[in-house]
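What follows draws every value from the coordinates through simple rules; no lab data is involved. Quantities reported herein were computed from a predicted structural model and do not represent experimental measurements. All Cβ positions, even for glycine, are placed from backbone atoms using ideal geometry, and neighbour counts span all protein chains on display.
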Amino acid sequence: MKSRLFALPLLAMILLGAIVSSCSKDHKLLDVIPASVGQAGTIRVKQFFEEAGCKFDNGSVTVPAQLQGSARFTGLVDFVAAVDASGSADPNAVAWAADSRSNLYMTMLVNDRAKFKEASAEKIEWADETGSFSCGKVGNMTVLLDDARVWLTDREPADAVKGVETFVKEAKDGSLASMTGLEQVLSAGNLVNAVVRQEGDAKGKKGDKGENPQLEATWATLTLNVSDNKLVGNSSVIRADGTPEPIKGLKAVNPAVLAYVPENFNFALGIGVTPEFDWSVLTGAISAAGGFQVNAMLQTVIPYLQSIDGTIFLAAGPANQSAYDELDFGNWQFMAMVHLPQQKINDVIGMIRSSLFMAGVSPRQGADGMMIVPQYGMDLYIGNVDGYLAVGNIPFEPTRQNSLAPVFAGKDGAMTLNIPSMKVFGGSMPDFGMDLQIRMSADNTTGEVSLVGSDTPILQAILSGMI
C-alpha cells in the first residue's frame, strides 16, 4: 500500500506535464532546459495512455475498468483529452528535468494561452497573474503559463516564478538542445526518453582549453517503448555530443555456468568482467551507506573483486510454497559462482574455515571436496568448482537442464526473472505473471518486461498495480 501511495503522485507529476512531438518542437522544448541538469526526459503522454487501453474520442475518453479506481488518475486522462481536443497543445510528449538542487520542472509548448486556460480550468485552479505568467495549482504542483509554454514544478508558488526564470536564464548559457547527443536522444520518437548525468562530472568548470565542460559530461540514456505487448527498454552511456562511452572491463559470460542451474530456478544474473572493470561505483555506494565495520570489510573484499577475470553468476528459485510469503533462506534454493585465480579461492576458503572454527562449527567434507556447512537449517556447499569460488545450498552438478542459454549466449551480462503468478505476493495481486529479461554488452543494455498468462496491455497491467 505504501508503494502505491508513493507511485501515484510520482506518476501524476510526470504525466501531468504533457506535450510536443515533432523534432522542431522538441528542439524548442529543450531550449529552456539547462545542460547542467542532473536528469531530463520526454514522454508521449497521449500515446502512453492509449497503450494502457484508454480510448480518446474528440474530447472524451474511455478508461479501462482496471484503471478507474483512482480519481486522480482518471483526472489526468481527462485533462489530456481536454487539452488535446482544444488544440491548445499536443499531448504526445512532455519534457521534465531536475536541477542541481533536485527541484523538479516540467514544461510543454502552448499554441493558444486562452484556449489552454479554458481547457484546463476543471483541473487547474488558476489564480492571479504574476509578471508574464498566469499562476495556478494542481495537487501539490505549481503551474505557470505564458504565451509560449506551461511549466509545472514542485516548488511553492512564491518560489516557482523565480525558479523558472533562473532555470531559463541558465539555459541561455547552454541548453540540452545545444548538446547534439542529448538532443537526439530526447527528441527521438519513443514512448519515453530519459538521460541521467553520471556522478563525478563537473557542471560548471571550464575545460583545460576553455571549452564547454558540458560537452565532456557523460550521461546514461534510457528509452522505453511497447512492442508486441512487451515493455522494451534500451540504455547506453554517451557523452553530451553523442560520442559512445563503452563500459570497460567486460567480457562474455561463460555459458558453462548455466549447466549448474536447476530448471525450477526463476532468477539468474551473470556478468563477465576483467581486472580492468571499474568497481568504484559499487564500492563507493556500499562505503557511503555502511558504517565503520562495513568499510573495514570492504577494504578486505576489494582486492578480490579486482582480481576477478571471468564470470560472476548468481541464480535462485523457490524451494517451497512459502518462498514469497516468508523471506527466509530456508524457503529458497540458491547458488553463486565467481571466477577467481586459484590462490584467491584458496585464501577465501581458508578464511571461511578459520571463521567457522572460531565459531565452533565443524564443516563436513563432501566426496567432491566441497565443504558442507550446516547453517539456517540447511547445508551450505562451499568450494572450488571448475575454477570458480562456489557457494550454494544445493550440490553443484553440471548436468542440469534449463532454458537460460538464449538469454545469456554471447552477452557480457544478462538477467532473467520469471514470476508465474503475481498471486504469490498475496493480497489483491492479479493472476497473471511477469517475465523480465535484460541483456548487456559494453555498448548497450536492453530489457524486456512481458506478461505471463494474460493478453492485458502491458502498461494497463503495470498501472493497475500502481494505482
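Mean projected area of the convex hull spanned by the Cα atoms of the range 289-434, taken over all viewing directions: 11.8 nm². The charge dipole of the range 78-146, taken about the Cα centre with unit charges on the Cβ atoms of Lys, Arg (+1) and Asp, Glu (-1), comes to about 160 debye, rounded to the nearest 20. Over the range 75-148, the reciprocal of the mean inverse Cα-Cα separation, the Kirkwood hydrodynamic radius, stands at 13.0 Å.
Lys169: which aspartates and glutamates have alpha carbons under 14 Å from its alpha carbon, excluding same-chain residues fewer than 8 sequence positions away? Lys169 reaches Asp31, Asp99.
For a distance above 16 Å, tell me the whole-number percent of Cα pairs in the range 355-467 that qualify. Pairs farther apart than 16 Å: 74 percent. For the range 108-175, what does the alpha-carbon gyration tensor say about shape, rounded, prolate or oblate, given a ≥ b ≥ c as the root eigenvalues, a/c under 1.5 as rounded, and a/b over b/c as prolate? Oblate. Could you list, in their original order, any pairs among Lys137/Lys162; Lys28/Lys115; Lys28/Lys248; Lys115/Lys137; Lys46/Lys162; Lys55/Lys230 whose Cα atoms are separated by more than 25 Å? In this structure, Lys28/Lys248; Lys46/Lys162 exceed 25 Å between Cα atoms. Towards the positive end of the charge dipole of the chain, with charges on Cβ (+1 Lys, Arg; -1 Asp, Glu), say which of Ala127, Ala160, Leu224 has the farthest Cα. Sorting the options by dipole projection puts first Ala160. Spatial offset of the range 135-176 relative to the range 390-435 amounts to 45 Å, using the alpha carbon center of each.
Cα centroids of the range 69-93 and the range 249-265: 47 Å apart. Taking the three principal axes of the alpha carbon atoms in the chain, the coordinate ranges are 82, 59, 39 Å, sorted in descending order. Using alpha carbons only, the radius of gyration of the range 223-283 set against its Kirkwood radius gives Rg/Rh = 1.06. If the segment from Val424 to Asn264 were pulled out straight at 0.36 nm per residue, it would be longer than the present Cα-Cα gap by 56.0 nm.
If you average over every viewing direction, what projected area does the convex hull of the Cα atoms of the range 211-325 give, in nm²? Please report the intermediate quantities before stating the final value.
Numbers: hull surface 49.5 nm².
Approximately 12.4 nm², given one-decimal rounding.
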